[in-house]
1. Projected onto the charge dipole of the stretch 158-254 (+1 at Lys/Arg Cβ, -1 at Asp/Glu Cβ, origin at the Cα centre), which of I186, V202, H219 gives the Cα projection farthest towards the positive end?
2. Quick one: Karplus J couplings for the stretch 202-214, per residue in order, coefficients 6.51, -1.76, 1.60, θ = phi - 60°, nearest Hz, x for Gly and Pro?
3. Taking the Cα-to-Cβ direction at I200 and at K227 and moving 7 Å from each Cα, how far apart do the two end points lie in nm?
4. Roughly how many Å² is the accessible area per residue of the stretch 228-307, as a whole number, for a 1.4 Å probe?
5. Of L156, G96, V111, whose Cα points farthest to the positive end of the dipole of the stretch 84-160 (charges on the beta-carbon: +1 Lys, Arg; -1 Asp, Glu; origin at the Cα centre)?
6. Leaving out ligands and nucleic acids, and using a 1.4 Å probe, what accessible area per residue does the stretch 77-133 come to in Å²?
7. Rounded to a whole number, what % of the accessible area of the stretch 123-263 do carbon and sulfur atoms account for, probe 1.4 Å?
8. Provide the per-residue ³J(HN,Hα) series for the stretch 195-200, in order, calculated from phi with Karplus coefficients 6.51, -1.76, 1.60 and θ = phi - 60°, each as a whole number of Hz, with x at glycine and proline positions.
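The values are calculated or read from the model by the stated rules, or taken from the named source; none is laboratory data. Note that the coordinates shown come from a computational prediction; the quantities given were computed from them, not determined experimentally. Here the Cβ positions follow ideal geometry from the backbone for every residue, glycine too, while neighbour counts run over all protein chains shown. In case anyone asks, the SASA skips ligands and DNA or RNA and just uses the protein heavy atoms, side chains included. Shrake-Rupley method; radii C 1.70, N 1.55, O 1.52, S 1.80 Å.
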Amino acid sequence: MASWSIANAPFQTSRAPSVSPPPNSIPRHQKSAALFSARECSPCDCPLRIGNVNVHRGAPKVSNRKRAARRSPVILMATGKPEPLKIMISGAPAAGKGTQCELIVRKYGLVHIAAGDLLRAEVAAGTENGKRAKEYMEKGSLVPDEIVVTMVKERLAQQDAQEKGWLLDGYPRSLSQATALENLGIRPDLFLLLDVPEEILVDRVVGRRLDPVTGKIYHLKFSPPEKDEIAQRLTQRFDDTEEKVKLRLKTHQKNVEDVLAIYESVMKKVDGNRPKEQVFEEIDAALAQVLQQKQDASRETSVLSGH
Ligand code: AP5
């Protein structure tokens, strides 16, 4: 859907954004056609375009009602900008969600919201929520919804995520979390599922290291640090042990089907058991396709609904 601003509108519809170009940007002969109430105008074959945005397909027939509407015009404004991407990424522990998110963010500039990172920040800050969350994270269980749901919901609502689009990593992980988002009308354009065999996952977890300075994810074997200086400062997550990853895997298996059922229509399963560049290539192609669809839809929406 395109981004629209509607000024001075006596009514608004969800499908029919009102469009009014800045006065000086419209050729004089087109101005009268641009200033009318969206509900009042009727279609004809004469296209009115502002930039590359279709505003109206023709001058309205002028009736008394329409003259009245012109006296109190809806100011119609189209930015013609598609809504930003909304992506979810899911997969078992160490399936490569964080690694792919780094690559996605670099190319698409989305705001990366990782439930695990938000929780670890609370743990590090020693907040009440953090103390409670750590008990569950240590056991490889899901942190209760009353902590996680609000945290993610508030982060999604922030301006950067609204403007740049978001990449939700590791959320939702249960039916109740997915339902909470559905109830808020929050749905992704694409739900990516990274598929990696279990026997690979344990190795990935045990060898994972994090750079506290850049936040970059490394693996001692598969993705070692570029310099000694980095190697020396790498840290390991408190839940990255063989014992704990097995518990996390069980939690994942118990919940994953419920979540997939909700996002089936927008789901793309990606084989994550390949070099990270190859995995990203497939994800990149899927994102480019979704972005293209959104741009096309935005162009179509730029034509006033019903015109
Ligand atoms: P979270 O931090 O989300 O952990 P996770 O889901 O277990 O996933 P990971 O972060 O371990 O793995 P990843 O898929 O991001 O893999 P990565 O790219 O790092 O959650 C932690 C805990 O928080 C949970 O257990 C739970 O308690 C709680 N929690 C989180 N979300 C919650 C929610 N919604 N509700 C309730 N509680 C929640 O890669 C792993 C390693 O593999 C790295 O070393 C990397 O270099 C390597 N690697 C990546 N890709 C490849 C590749 N293609 N080939 C070879 N190596 C690779």
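1. V202
2. Going residue by residue, I get 4, 4, 5, 5, 5, x, 6, 9, 10, 8, x, 7, 9 Hz, with x marking Gly and Pro.
3. Result: 3.1 nm between the two label points.
4. On the way: 4660 Å² over 80 residues.
Ligands and nucleic acids excluded, the figure is 58 Å² per residue.
5. It is G96.
6. Working: 2310 Å² over 57 residues.
So the stretch 77-133 comes to 41 Å² accessible per residue, rounded to a whole number.
7. Numbers: 3760 of 7580 Å².
Taking all protein chains in place, the stretch 123-263 shows 50 percent carbon and sulfur surface.
8. Here the 3J(HN,Hα) series is 10, 9, x, 4, 5, 6 Hz.
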